[in-house]
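Below: one structure, written as structure tokens.
We did not get these values from a lab; they are worked out from the coordinates using the rules stated. Worth saying up front: this structure is predicted, and the values here are computed from it rather than measured. Because the Cβ atoms are built from the backbone with ideal geometry, glycine has one as well, and the counts that use them run over all protein chains shown.
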Amino acid sequence: MCIIIDTNTLPSVFDNKTLNHAEFKPVYDWINNGRGKVVYGGTKYVSEIGKYLGLFIELRKENRAVYINDIKVDNEEVSVSHQIQHVDFDDQHLVSLLRVSGCKLMCSLDRRAYRFFKHPDFFYPASKRPKIYRGFGNRNLLNDNNIADVCKN
């Protein structure tokens, strides 16, 4: 099982002092104690994760994170940017990372982005659309059914 964590939820997942950490603690536990892996890559995403990049590199050394080549994600981002142009769509890099990696799960608090994370123009057929972890009520998504090929090694 692997997951892409939107930068708006990184503190919620990895910092136990954040107010809503309890909502995202299952993701933290699943990565650190279970079979979960973080997927990351692409120039924009890597630049956005800031202080968490060191953590991702450590997780990668422990086989708990999977890096996707920046160039592949960046090239896909160009394509995605041309497919849909909308004032609310500013996460082309995340859609690109989802598409290139084949990751089946997104962790995010950005409600206006949800429709783009699952948009049929990006993910067809419907079975390829990722699921979105939004909080504790979605903890059932953290299971082996959502393992993408990039996370199977």
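Relative contact order of the stretch 2-151: what whole-number percent is it, with Cα pairs under 8 angstrom and at least 6 residues apart?
Working: 229 pairs, mean separation 42.8, N = 150.
For the stretch 2-151, the relative contact order is 29 percent.
Decide, for the chain, between rounded, prolate and oblate: order the square roots of the alpha carbon gyration tensor eigenvalues as a ≥ b ≥ c, take rounded if a/c falls under 1.5, and otherwise choose prolate if a/b is larger than b/c, else oblate. Verdict is rounded for the chain. Between 0 and 90 degrees, the angle of helix 70-83 with respect to the longest Cα principal axis of the chain falls at about 50 degrees. For Val66, the residues whose modelled amide H falls within less than 5 Å of its own, excluding neighbours fewer than 5 places apart on the same chain, are Val38, Val39, Tyr40. With a 10 Å cut-off between alpha carbons and a GNM built on the chain, which of Pro26, Pro130, Pro11 moves the most? For the chain, modelled as a Gaussian network with Cα springs under 10 Å, the answer is Pro11. Using a 4.7 Å Cβ-Cβ cutoff, the cysteines of the chain lacking any partner cysteine are Cys103, Cys107. Nearest 5 percent is fine: what portion of the DSSP beta bridges confined to the chain is antiparallel? Looking only at bridges with both residues in the chain, the antiparallel portion is about 0 percent.
For the chain, the longest principal axis of the Cα atoms and the long axis of helix 52-61 meet at an angle of about 70 degrees.
Enter the angle in degrees (range 0 to 90, nearest 10) between the Cα long axis of helix 21-33 and the first principal axis of the Cα atoms of the chain, meaning the one along which they spread out most. With rounding to tens, the tilt is 80 degrees.
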